[in-house]
Structures are given as C-alpha cells and as structure tokens.
Amino acid sequence: MFQRMIDKSMAKSPWIFHINAGSCNGCDIELVSVLTPRYDAERLGFRLTGTPRQADIVVVSGPVTSQTKDRLVRTLAQVPEPRVVVSLGSCPRSGNVFKGSYCVDGPLEKYTHVDVSVGGCTPKPEAIMAALAKASEILAEKRKEMRQA
Amino acid sequence: MTTLLWTIFHVLVFPGLLFCVVVGLLLAGLDRKLVARMQNRVGPPLLQPWYDFLKCCGKETIIPRHARRGLFLAAPVLGFAALITAALFIPVFSYSVYSTSADLVVILYLLTVVGVSMIVGAAASGSPFAGVGLSREMVAMISYELPFVLVMLAVGRMAGVGTPLGVTFSLQAIVDWQAANGNLLFHWSMIPAALAMLFVIPCEIGMHPFDIAEAETEICEGTLAEYSGPPAGLFRLTHCVKMYVMCALFCVLFLGGISTGYAALDALVMVVLSVVLTFVTMSVPHAVCARFKVEQVFKFYWTVVAGLALISLILVWLGL
Amino acid sequence: MIPYLTKALGNLFRAPATEKFPKGETPKAAPSYRGRIIYHPESCINCGLCMRVCAPQCMERTIEPLPNGDQKITLTFDLTSCTFCSMCADFCSRHSIELSDDYMIVGTKPEDFLVSGTFIKKAPPPKLTPEQIAELKAKAEAAKAAKAAAEKADG
C-alpha cells in the first residue's frame with residue numbers, strides 16, 4: 001500500500017532542476033515565468049530545486065556548447081532515478097541557428113535520452129506547462145517500471 | 001503492562017510521532033498555501049508536503065564518493081528522533097506526559113541536536129556547498145540561541161518566583177502558574193519576550209527570510225546539497241515537524257493557561273493556535289520579505305531580538 | 001515594507017490571478033503569433049527560396065524521380081530546428097508556407113515535430129526530334145491543302 005501511495009505522489013510532486021547548456025537566456029526566462037502568479041506551476045506540485053540530487057525533472061536549455069558539455073554530463077549523472085529529461089526550446093534538439101558552430105557539441109540526445117521536448121524559440125509558458133505535466137506522467141510510469149523490475 | 005502500552009501510545013501516537021507528523025505536515029501545507037495566496041497565486045494542495053515526503057521515499061539514495069556513509073545516513077534519523085523526543089516533553093496544555101523538573105533545558109538541548117544533526121550530515125556529505133551551508137547554519141544557531149535562552153530565563157523567573165530556586169525550568173510548573181495567574185502573554189513585562197520568541201520561531205525552523213543555511217538560489221540548498229531520496233525526505237519532514245514543535249513551545253510558554261481540561265480539546269486548541277502562529281511568524285514574513293544576508297541575521301538577532309528578551313528579563317528580575 | 005504587507009494581506013481576500021490552464025482549454029496566442037508551420041504543397045512550385053533564407057536550415061527537400069518522368073518532391077520542416085522567424089513565409093511567392101498560432105509544440109518523439117508535404121511536379125512535354133517536326137509540318141501542310149481544296153470546291 002505504501003508503495004502504491006509513493007507511486008501516486010510521484011506525479012504530484014515533481015521537482016525541477018534547470019541546466020543552462022549555453023542557452024541565450026530566452027528559454028530560461030520563460031521557464032521562470034512558469035512559476036509566476038499567472039501560470040503558477042507550484043499548484044501542480046512543481047518546485048525549482050537548487051541541487052540535482054533532489055531533482056525529478058531535469059530541464060535542459062541551450063545547444064550544449066563544448067564548455068558546458070562536461071558539466072551537463074556530470075550534472076545529469078548526479079540526478080537519482082527515476083528521472084525525466086525535458087529539452088526546452090529548439091536548441092537542445094538540433095542546435096537551432098548555432099548548428100554547425102565550432103563550439104557546439106549538441107544535440108542533447110548524444111548524451112542522454114530526452115523524454116519530452118518542447119519546440120519553439122522560445123516556447124510559450126503554456127507549452128512548457130503542458131510539457132512538464134507530460135513529464136510528470138512519464139515520471140510516474142518510470143517509477144512503476146522501476147518497482148516492477 | 002498498561003504503563004508500557006501507555007508509553008508506546010505516548011511515544012508513537014498522541015504527543016509523539018503520529019500527532020507531530022500529521023500536524024507538522026498540515027502546518028507546512030497551510031504555510032505554502034497561505035504564502036501562495038498572499039502572492040496572488042493558487043498554491044499547491046494542502047497535502048503537498050506529504051506528497052513531497054512520499055516522493056522522496058520513492059527515489060534512489062545516492063551516497064557521494066567523498067561522504068562518510070554511516071554518518072551521512074544516520075544524521076537525518078538522529079535529528080528526527082531528537083525532535084520527536086523534544087515534542088514528548090512539551091505538554092499539550094494540561095496534558096503533560098514526561099514533564100520533569102528541568103525539561104525546558106532538555107528541550108533547548110534537543111532542539112540544538114536537531115540543528116547539529118543537520119550540520120553533521122552536511123559535513124559528512126563532503127560537498128563544498130554543504131560546507132558553506134553548515135557554516136551559515138552555525139551562524140543562524142548562534143544568532144537565535146541567545147534570545148531563545150533569554151526568553152526561557154525570563155519565563156522561568158516569572159513562573160518560578162515562589163520556588164526555592166527562584167527560577168523554574170519545568171514546563172508543567174509554568175503551565176500551572178499560568179492557569180493560576182493568567183497567561184504570560186497578557187503580563188505587560190512579558191510582551192517583549194513574547195515578541196522576541198515570535199522572531200526566534202522562524203529562524204529556528206529556517207523559514208524563508210531567515211533560511212540562510214538552505215538558500216536554494218545561492219548555494220544549492222546548502223546543507224541538503226548532497227542528500228537525495230529518503231534521507232532528504234526525512235530532513236524535510238523534520239523541518240515540517242519543527243514548525244509544530246516551535247509553535248507548541250510558544251503556546252505553552254506564553255498561553256499555557258487556557259486549558260479546557262479535556263486532552264482532545266486541548267490538542268485541537270493547540271493546532272488552531274499553531275496555525276495562527278504559523279501564519280503570523282512564517283507565512284507573512286515569507287510573502288513580504290526577501291532573504292536576509294548572513295551578517296544581517298546575526299546583527300538583527302543579537303541586537304533587536306536579544307534586546308527585547310533582555311528587557312523582559314530585567315523587568316521580571318526587578319519583580320515587575 | 002508596510003505597503004507590501006497590506007498588499008499581501010489584501011491578496012488573501014482576492015481571487016488569484018492564476019490561469020486555470022492545464023484543466024481548461026488552451027488560451028489563444030496573441031495576434032500575429034508565429035507558431036507551428038503549415039505547409040500547402042499543392043501551391044508550391046519548388047523554387048527553393050525558403051531553404052535559402054532559412055537561417056537554421058530546418059527544411060529538408062527530397063526529390064524522387066517517378067518512372068513517367070514526373071518528380072515527387074517532399075519538403076519537411078523540422079520544428080525543433082526552427083526559430084519561427086517567418087522568413088520562409090515572407091519570401092514564398094505562392095504563399096505556400098504559413099505560420100499558425102498553434103504554440104503547443106510538445107512531444108516525446110522526433111516525428112511529433114515534423115511538418116511535411118509532398119507534391120508531384122509534372123515533367124515538361126518531351127522534346128521533338130527533327131523527323132517528328134518534319135512529319136508534323138507535313139501533316140499541317142496537308143491539312144491546309146485539304147482545307148484550300150475544300151474551299152475551292154465550294155467556290
């Protein structure tokens with residue numbers, strides 16, 4: 001029963017950790033605006049944590065520059081299972097206008113499995129909310145899989 | 001046999017584990033909801049801290065390479081156990097279980113153990129962020145301990161005038177004195193001490209304007225930087241229960257005389273008063289203030305708050 | 001600090017400013033918002049101007065020859081690569097590209113972000129050989145002569 005309660009609360013309290021992998025700061029601002037009174041992601045249980053150790057959803061923005069690559073891989077390795085990786089905006093998936101640059105080591109999928117992606121440059125906060133809601137569903141599913149395995 | 005059963009009941013259910021956890025989680029949920037409403041938001045559901053705790057239980061526990069494994073895992077358990085033990089000594093108005101001759105001192109030490117366990121856990125995790133966090137936690141402890149002790153001395157002197165020692169540290173005696181002579185909050189010489197205690201509560205708990213040790217935007221959650229999974233959940237639960245314990249301590253110290261005579265009703269009154277105190281001391285400053293700097297907290301507590309407590313102590317010692 | 005306090009306490013008795021978004025319907029985007037690309041292949045003429053002006057090079061064109069000489073042309077827009085600058089739509093002389101106000105570009109698979117369209121470009125009529133031309137010319141002459149003969153017979 002306790003395990004089932006944990007399963008249920010998994011989707012209700014996903015904590016977000018945000019990694020800026022060389023983003024232009026546009027997506028970062030939109031991610032913070034999701035926590036403002038108008039959108040208020042906290043009513044769905046979301047909370048920005050300061051440490052990857054307590055994160056459930058890792059939000060990555062930016063085209064993964066060669067300077068941030070090592071830090072990104074290290075930070076992602078510190079997130080405990082079950083975890084969900086969300087790519088924010090066009091950059092992490094493709095490199096966007098920075099693609100082909102000498103200092104871009106993207107896309108993000110070379111380094112980790114991306115569960116949910118949001119397109120847009122930058123995405124609207126509503127789209128980010130929808131993506132995070134989807135990510136929390138995937139989180140609950142992953143937890144169930146982990147328990148059964 | 002019945003005494004053993006009663007002991008188990010006391011420790012696990014009524015003034016102990018279950019009651020503390022339920023009320024603590026309720027207070028934490030209410031605090032988050034109220035802060036959200038004051039910031040014009042909808043806010044998380046009331047059971048959010050409970051969901052958070054359960055979720056932490058379902059996560060993987062990572063022990064960092066540089067951590068001392070045993071100490072790292074024992075620290076949250078130690079802190080939580082110390083806090084529940086402290087809660088046992090606090091009478092729910094007239095319903096007191098383990099009140100002895102000097103339980104105020106015991107509570108003071110046990111609350112320090114809670115803070116120290118956090119410091120020990122942070123030190124054992126071997127992270128530089130936790131190192132910064134623990135040094136800040138120490139500063140916070142030094143800041144609030146002085147006014148806290150002064151408040152306790154003032155209350156003890158006020159309630160213990162007739163006793164041979166002149167001072168009492170028994171919460172039971174303080175409650176009895178208030179039942180006979182009226183609540184301490186309404187004695188004018190004790191009002192500065194009550195104000196000082198109101199300021200001590202949020203810093204002791206580490207609530208927002210005074211959360212210098214866990215500044216998640218500056219130093220990656222500070223002392224909790226390396227904790228993940230159930231130990232992190234236990235630290236969060238300790239934080240929630242501490243809200244109830246500090247509110248209950250304030251109720252007993254300054255409003256101890258309003259007992260109804262029934263334990264269940266007393267508990268209800270205690271919960272209601274704790275909710276009011278949570279709103280006044282934690283939610284409003286959280287919604288209104290930005291985080292203090294480390295030296296600002298220290299200066300504020302050693303001048304303003306300690307000054308208030310000292311005024312009360314001097315007035316009481318002069319017999320006013 | 002006093003104004004903040006009165007504002008905070010006043011907010012307790014006011015309805016929150018939060019939108020009920022994930023539950024209710026999706027709010028509409030602002031006018032002239034540039035969202036998901038809509039491509040109309042039926043009016044496209046395969047001029048390739050959109051691919052030239054696209055800064056992140058998000059389009060991919062495949063040209064597949066068909067046995068009867070026609071070309072099957074597929075233009076694919078990768079929305080995870082797009083900056084939604086609307087340059088392609090502005091430069092399209094046939095208005096085959098449009099940026100809609102649908103901003104819900106959320107998905108779990110790469111296929112969720114692809115917008116593609118296919119059209120068949122008809123092959124031009126085959127070139128004629130000199131013999132064929134001569135034959136056609138002869139045919140036309142014969143027709144003319146027959147016509148003249150018919151007129152003569154009438155007149």
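Each reported figure results from applying straightforward, stated rules to the coordinates on display, with no laboratory input. Please read all numbers here as calculations on a predicted model, not as lab measurements. So basically every Cβ, Gly included, is an ideal-geometry build from the backbone, and we count neighbours across all protein chains shown.
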Report, to two decimal places, the Cα Rg of chain A normalised by 2.2 N^0.38 Å (N = number of residues). 1.03
Dividing the convex hull volume of the Cα atoms of the range B:32-123 by its residue count, what figure in Å³ per residue is obtained? 171 Å³
What does the charge count near B:Ala87 come to, summing +1 for each Lys or Arg and -1 for each Asp or Glu among other residues with Cβ under 12 Å from its Cβ? 0
Set Lys and Arg Cβ to +1 and Asp and Glu Cβ to -1, take the dipole of chain B about its Cα centre, and tell me which of B:Ser312, B:Pro230, B:Pro209 lies farthest positive. B:Pro230
Sorting C:Tyr4, B:Tyr227, B:Tyr51 on the 10 Å Cβ count, fewest up front, what's the list? C:Tyr4, B:Tyr51, B:Tyr227
Rank A:Gly22, A:Ala127, A:Thr68 by how far each Cα sits towards the positive end of the charge dipole of the range A:2-143 (+1 on Lys, Arg Cβ; -1 on Asp, Glu Cβ) and give me just the farthest. A:Thr68
In which sequence would B:Val288, B:Val167 go, from the one with the fewest C-beta neighbours within 10 Å to the one with the most? B:Val167, B:Val288
Among C:Phe84, C:Phe113, C:Phe21, whose mean-square fluctuation peaks in a Gaussian network model of chain C (Cα, cutoff 10 Å)? C:Phe21
Net +/- balance of residues flanking A:Leu44 in space, Cβ distance below 11 Å, scoring K and R +1, D and E -1: +2
Highest mean first, how do B:270-280, B:295-305, C:125-135 rank when packing is the count of other Cβ atoms within 10 Å averaged over residues? B:270-280, B:295-305, C:125-135
Principal axis dimensions, chain B - Cα atoms, whole angstrom, descending: 58, 52, 41
For the protein assembly as shown, Rg(Cα) over 2.2 N^0.38 Å is 1.37
Grab the other residues whose beta carbon is less than 10 angstrom from that of C:Asp70, score K and R as +1, D and E as -1, and report the net. +2
Test of the criteria: in the range B:59-103, which trypsin sites (Lys or Arg not before Pro) are in a DSSP loop and have at most 14 other Cβ atoms within 10 angstrom of their Cβ? B:Arg65
Projecting the Cα atoms of B:Val151, B:Tyr98, A:Pro37 onto the charge dipole of the protein assembly as shown, where Lys and Arg contribute +1 and Asp and Glu -1 at Cβ, the residue farthest towards the positive end is A:Pro37
√(5λ) per eigenvalue of the Cα gyration tensor, chain C, largest first, Å: 64, 20, 13
Would you order A:Phe2, B:Phe19 from fewest to most other beta-carbon atoms within 10 Å of each residue's own beta-carbon? A:Phe2, B:Phe19
Charge dipole magnitude, Cβ of K and R +1, D and E -1 - the range C:28-138, Cα centre, debye nearest 20: 200 debye
Acute angle (nearest 10 degrees) that the helix C:2-11 long axis makes with the longest principal axis of chain C, alpha-carbon atoms: 70 degrees
